[in-house]
C-alpha cells in the first residue's frame, strides 16, 4: 500500500493504484499536475464513492494551490474523454 502521507508518488504509480486509494487522499496529499486532476480526480469514471463524487473545482483549488482556476478550466475545456484516461480495470491488477 502506498504511504501518501509520507511520500510523493509519480503519475504512473498513482494511475496504477487509482482504484485502491481514495481520490480525496490523493488530492489532499500529493502535488498533482492539472492534466492528472482532469483525467482522474475530476473524472466521474474514477469517482467510485459518494464522497469522491463531491470533488469539484473548488476542492481541487483548495488542496492544489499551485494550480490556478483559469489553468484548470482551460484543461477541462480541452480534455477529450477519448484520451488515455480510462484504462481497463484489469490494467490496475497487473
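List of remarks:
- Residues of the range 26-48 satisfying the condition of being over 10 Å from the mean Cα position of the chain (by Cα) and at pLDDT 95 or above: 28, 29, 31
- Qualifying residue in the range 55-72 (condition: at pLDDT below 95 and either crowded, with 16+ Cβ neighbours inside 10 Å or part of a helix (DSSP H, G or I) (or both)): no
- Where residue 90 falls short, out of the listed (1) loosely packed, with under 13 Cβ neighbours inside 10 Å; (2) modelled with pLDDT under 95; (3) over 13 Å from the mean Cα position of the chain (by Cα); (4) assigned to a loop (DSSP other than H, G, I, E, B): (4)
- Members of the range 20-49 found to be part of a loop (DSSP other than H, G, I, E, B) and surrounded by 13 or more Cβ atoms within 10 Å (Cβ to Cβ), listed by number: 21, 22, 30, 32, 33, 42, 43, 46, 47, 48
- Verdict on residue 2 being in contact with a helix residue (DSSP H, G or I) (Cβ under 8 Å, 6 or more places away or on another chain), surrounded by 10 or more Cβ atoms within 10 Å (Cβ to Cβ) and modelled with pLDDT under 95: yes
The values are calculated or read from the model by the stated rules, or taken from the named source; none is laboratory data. Because the structure is predicted, anything quoted here is derived from the model rather than measured. All Cβ positions, glycine included, derive from the backbone under ideal geometry; neighbour counts span all protein chains shown.
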